[in-house]
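Here is the structure we will look at.
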Amino acid sequence: MLLVALTIGQLAAKLRFEATIANLRERRAQALAALSKELSGALTVEQVVEIANRNVSGTFNSPVALLLPSSQEKTKVAGTSSSQPTIDIAVAQWVYDHQLPAGLGTHTLSAAASHYLPLQAPMRTRGVLVLEAKDLLFLNEPEEKRLLDTFAAQIALALERVHYVEVAQDALVSIEGERLRNSLLSAISHDLRTPLTTLVGLASTLTDSNLPENTQKELALAIRNEAQQMTELVTNLLDMARLQAGGVKLKKDWQSIEEIVGSACMQLHRVMSTKKLIISIPPNLPLCECDPILIQRVIVNLLDNAAKFTPTGSTISVSATAGNNEMTIVIEDNGPGLPLGQEAKIFDKFSRGEIESNKPGVGLGLALCKTIVEAHGGKISAENRVDGGARFTVTLPLGIAPIPEELL
């Protein structure tokens with residue numbers, strides 16, 4: 001009976017020990033899985049630091065801090081936590097430079113009050129993990145030490161991944177900037193050089209004093225037309241630059257769409273002289289809260305675009321309706337229409353359809369329209385008409401117009 005009791009006691013003790021070890025390993029596995037899951041969704045260094053501080057501190061029940069290198073390769077504390085450990089910057093810098101653990105629980109700089117662990121990633125060391133251990137026992141346990149090393153490796157990998165994500169984003173921005181720069185230079189080199197060459201030629205011809213008076217007037221008129229074309233190109237470029245940089249603030253006011261459209265048509269009187277313009281705007285439309293100068297620029301660009309790509313004698317119509325707290329402005333023409341599949345792309349900067357290749361312009365007019373309309377909280381779209389031609393639709397929010405004082 002004694003032998004049986006001793007055997008059962010030994011077996012029970014062994015089972016209890018194995019159960020304890022299994023529980024500890026399960027806890028470590030859960031802690032590591034939780035850290036990995038959170039780090040996998042981190043998109044910034046700040047998120048990685050916050051996740052690391054919370055998980056490492058909770059798992060080891062100790063104050064934790066992360067030190068990351070600056071541009072001069074000097075370590076400094078990143079983020080904040082509820083309890084900061086005692087940090088010796090000199091020790092942290094030594095650990096970062098030599099890529100070796102140091103401080104409490106090690107044979108290197110053991111007089112330090114905290115444990116310092118390098119965050120080693122495949123490419124380079126990403127920082128230093130500082131842990132102020134309240135109980136030294138866990139540093140002497142191989143499995144706890146291994147768990148801490150695994151935590152440090154996961155944090156280092158997350159920091160390296162975020163770093164290369166930022167590098168990739170910067171590269172994409174640089175590539176996009178280079179593409180836009182090349183598009184701008186290509187467009188300007190053609191669309192500004194041509195009128196400049198024409199202006200020089202016309203001005204040289206005009207200097208001939210033997211020219212008849214009628215010829216001189218024709219040359220002066222041609223110079224004015226070329227100069228106006230250049231002014232429109234430069235105006236679009238400058239307006240787009242200001243809007244993209246946020247330098248232009250909307251100066252909204254309650255305006256009549258009929259007056260805005262009328263002003264735009266007057267501005268394009270010369271361009272529309274060879275077209276048939278039809279304006280269908282009811283006189284009882286409500287006022288629209290908008291920036292009149294910018295909305296007029298939208299109408300001017302859309303009408304100029306329609307006039308540019310339609311043959312002489314074409315019909316261009318402008319109509320406006322109000323409903324569902326929205327003002328809808330529609331500009332239609334009976335020209336060749338839009339390139340198939342390009343209805344949305346034509347609003348991109350420096351985008352020009354196939355039928356536009358021999359026309360002046362840098363491809364900013366419609367992009368400027370889209371930017372202005374969206375700044376007002378509206379929408380702009382383009383489509384081909386069933387019976388031929390193109391249709392541009394601008395939708396602006398109406399808002400609630402104020403009641404005139406004489407009606408109060």
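Structural remarks
- On full extension, the segment bounded by residue 70 and residue 40 gains 8.4 nm, given 0.36 nm per residue less the C-alpha separation.
- Peptides 52-64, 329-341, 161-173 ranked from most to least packed give 52-64, 329-341, 161-173, packing being the mean of other C-beta atoms within 10 angstrom over each peptide's residues.
- For residue 325 and residue 172, the FRET efficiency from 1/(1 + (r/R0)^6), where r spans their Cβ atoms and R0 equals 35 Å, is about 0.35.
- Of the residues 30, 93, 5, the one whose Cα sits farthest toward the positive end of the charge dipole of region 1-143, with +1 on the Cβ of Lys and Arg and -1 on the Cβ of Asp and Glu, is 5.
- Sorted from longest to shortest, the spans of the Cα atoms of region 38-167 along the three principal axes equal 40, 29, 27 Å.
- Label positions at residue 165 and residue 98, each projected 7 Å from the Cα along the C-beta direction, are separated by 3.4 nm.
- Gain on full extension, evaluated as 0.36 nm per residue between residue 221 and residue 315 minus their Cα-Cα distance, stands at 31.3 nm.
- Across 14/37; 217/275; 251/275, pairs whose alpha-carbon gap is larger than 28 Å: 14/37; 251/275
- FRET efficiency, 1/(1 + (r/R0)^6) with R0 45 Å, evaluated for residue 47 and residue 235 via beta carbons: 0.55
- Full extension of the chain segment joining residue 1 with residue 393 gains 131.4 nm, where the gain is 0.36 nm per residue of separation less the Cα-Cα distance.
- Between residue 149 and residue 251, the simple spin-label model (points 7 angstrom out along Cα→Cβ) gives 6.9 nm.
- Total formal charge among the other residues, if their Cβ is under 14 angstrom from that of residue 164, Lys/Arg +1 and Asp/Glu -1: 0
- What the Cβ-Cβ distance of residue 267 and residue 344 gives, at R0 = 25 Å and to the nearest 0.05, is a FRET efficiency of 0.35.
- Charge sum, other residues only, whose C-beta stays under 13 Å from residue 317's C-beta, Lys/Arg counted +1 and Asp/Glu -1: +1
Computed from the coordinates by the stated procedures, all read-outs in this text should not be read as laboratory data. Since the model is a prediction, treat every value here as computed from it, not as a measurement. Here the Cβ is made from the backbone with ideal geometry for all residues, glycine too, and neighbour counts use every protein chain on show.
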